[in-house]
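Step one of this worksheet: look at the structure below.
The values are calculated or read from the model by the stated rules, or taken from the named source; none is laboratory data. Everything numeric in this text was worked out from a predicted model, so none of it was measured. Cβ atoms come from the backbone with ideal geometry, glycine included; neighbour counts cover every protein chain shown. Side chains included, ligands, DNA and RNA excluded: accessible areas come from the protein's heavy atoms. Shrake-Rupley method; radii C 1.70, N 1.55, O 1.52, S 1.80 Å.
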Amino acid sequence: MQALPIGNGRLGAMVFGDPENERIQLNEDSMWPGGPDWGNSKGTPEDLKFLRQLIENGNIEQADNEIVERFSYKGIVRSHQTMGDLFIQFEDRGPIENYRRSLNLNTAEVVVNYTSGDADYNQKVLASAPDDVVIIELSTTSKKGMDLKLRLDRPKDEGHSTVTLSNPSSSEISMKGEVTQYGGRKHSQLSTFRLWC
């Protein structure tokens, strides 16, 4: 409940809005453990036709139950995972005043505004569907501009690191890794699920 969501259907973020140590949790729709070789989809074209007919007839609850029975293996337990976190540490800030954070549903953007000293600071975060990108726009009226540090990270999975970070250039951060689920279960058997990204 501390962060505000933005997304474009494939990419998304949770914007915490901290004016000193901002955290933006990044998400991408394919961040599931497992792989295409699992063979964990079932169901037939006839099953799909049956489900569509239930929905057309207004039997939504029955369709919801039937989709689980007809199309999923209930014995596989896995979950969607975060892509990682972008941390923005703002340097040399004085006391924060006039703080305001908002989610505009019409423009699908999170806006954070505040003052520090005699300067205004603004942060806008949005996810563009046509451009398939999450955009973070920072601005200030301070004559000194902004001094900040950027850092990417991803939570460990039961103590196991799942990413490596590098700086290909002075203006880039790269994060490569895998989606894992140590302690996951497949047909009641303890398993480790992996998907490289």
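Per residue, the convex hull around the alpha carbon atoms of region 105-172 comes to 183 Å³. Legend: residues TYR121, TYR182, sorted from most to least accessible area (1.4 Å probe; ligands, DNA and RNA excluded), read TYR182, TYR121. Listed peptides 154-167, 9-22 appear in the order 9-22, 154-167 once ranked by packing, highest mean of other Cβ atoms within 10 Å at the front.
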